[in-house]
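Trainee: Please read through the structure below; I'll follow up with questions.
The values are calculated or read from the model by the stated rules, or taken from the named source; none is laboratory data. Every value quoted in this text rests on a predicted model; they were computed, and no experiment measured them. Glycine also receives a Cβ, built like all others from the backbone with ideal geometry; neighbour counts cover every protein chain displayed.
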Amino acid sequence: MKKIFLFVIVASVLLGNDLCDVECIDDKKTKESMQNWLDGNFGLEPHEVNYILPYGYTQDPYVSSVPKVEYNNIEAQLQVSLKLPVTKNIFQLNEKYYLAYTQRAFWQLYTDSAPFRESLYSPEAFVEFPIEDDDSWMRLRSLRLGYKHESNGQPNTEGITFDNNQTLGNFSRSINYLYAKLRTQHDSFVSDFKVIIPISDLSDNPDIMDYRGCLEAKFTYFIEEHMFTLMGRGNPGTLRGAVEATYSYPLINDANFYVQIFSGYGESLIDYNRNLSKYSIGFSFSR
């Protein structure tokens with residue numbers, strides 16, 4: 001068995017780590033399909049930041065909706081976010097159309113049973129219009145129009161009574177909204193301004209916009225290989241919202257050192273009306 005394993009390693013090195021040769025295939029379509037399979041190239045692209053943050057600290061323990069269940073104030077956080085181009089240039093404006101999906105998980109890694117405190121699911125569809133504006137002071141670069149659903153995937157438990165005649169409230173949290181995002185660029189400084197318009201039923205969390213807000217601004221700045229971001233969102237009427245700062249630096253291949261600092265409301269959907277500050281550190285695999 002060891003000899004077979006050694007042979008595979010040596011062969012892999014001698015063949016340049018490519019154990020399949022498509023050059024001998026005559027049919028062009030077959031050759032292209034097989035090469036895409038070998039390269040893992042199926043059109044999926046990073047959307048939002050993909051990361052693994054093994055250590056995230058908040059000053060106070062998280063509050064559980066389930067009696068006698070306690071959460072730690074130290075947890076891990078993961079996010080996977082991908083988009084798929086579906087078509088382009090329908091209106092002859094060089095616009096591109098995408099479907100996207102983002103999933104974020106808050107993992108109580110440092111407790112005995114290591115449960116996931118909450119998972120968020122966010123399918124999305126949007127169109128992006130490029131803008132070539134080098135004459136005005138704004139330096140507009142793109143306009144994105146989209147629809148997004150955010151949910152924690154929990155059922156509506158409002159009014160459900162358990163054996164001890166106790167009600168726990170509604171575990172479900174969700175929001176559907178339309179948005180418009182305008183991007184500007186000044187050298188290595190990029191600004192994104194976003195307006196959010198909630199649609200459909202908000203009965204799971206009727207006051208969520210009072211805490212999360214309908215306006216968002218994000219600033220991204222590059223210094224050599226260092227990348228800094230600062231995001232702020234809020235509701236001017238309630239003076240509630242949140243700020244988030246991140247820093248990333250390339251380490252090896254596609255891995256980046258990643259730091260995230262969050263303060264305010266809406267870090268997760270279940271805690272949308274709870275003000276907290278959180279400091280996380282780990283690795284990102286897209287920027």
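Trainee: Name the residues in the range 256-282 that are more than 16 Å from Phe228 (Cα to Cα), part of a strand (DSSP E or B) and not basic (Lys, Arg), would you?
Mentor: First pass over the range 256-282, keeping only residues more than 16 Å from Phe228 (Cα to Cα): 263-278.
So of that shortlist, the ones also part of a strand (DSSP E or B) come out as 263-264, 276-278.
Those that are more than 16 Å from Phe228 (Cα to Cα), part of a strand (DSSP E or B) and not basic (Lys, Arg): Ser263, Gly264, Leu276, Ser277.
Trainee: Also, I was wondering about something else. Looking at the range 259-280, is at least one residue over 22 Å from Gln59 (Cα atoms) and either surrounded by 15 or more Cβ atoms within 10 Å (Cβ to Cβ) or not aromatic (Phe, Trp, Tyr) (or both)?
Mentor: no
Trainee: Do the conditions hold for Asn94, that is, is it more than 29 Å from Leu44 (Cα to Cα) and in contact (Cβ under 8 Å) with a residue 12 or more places away in the chain? Break it down stepwise before answering.
Mentor: Working: more than 29 Å from Leu44 (Cα to Cα): no; in contact (Cβ under 8 Å) with a residue 12 or more places away in the chain: yes.
Judged against the criteria, Asn94 is not a match.
Listed here are the residues, each with its yes/no results for (1) surrounded by 10 or more Cβ atoms within 10 Å (Cβ to Cβ); (2) modelled with pLDDT of 50 or more.
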site: Ile4; (1), (2): no, no
site: Phe7; (1), (2): yes, no
site: Ala11; (1), (2): yes, no
site: Leu15; (1), (2): yes, no
site: Asp18; (1), (2): no, yes
site: Asp26; (1), (2): no, yes
site: Met34; (1), (2): yes, yes
site: Gly40; (1), (2): no, yes
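Trainee: The conditions are (1) touching a residue at least 40 places away in the same chain (Cβ under 8 Å); (2) on the phi < 0 side of the Ramachandran plot, and Tyr247 fails exactly one of them. Which is it?
Mentor: Here Tyr247 meets the rest and fails (1).
Trainee: Another question, then. Please work out which one of (1) in contact with a Ser or Thr (Cβ under 9 Å, 6 or more places away or on another chain); (2) more than 25 Å from Thr58 (Cβ to Cβ); (3) of a type outside the set (D, E, K, R) is the condition Tyr247 fails and give its number.
Mentor: Evaluating Tyr247 over (1) in contact with a Ser or Thr (Cβ under 9 Å, 6 or more places away or on another chain); (2) more than 25 Å from Thr58 (Cβ to Cβ); (3) of a type outside the set (D, E, K, R) leaves (2) as the failure.
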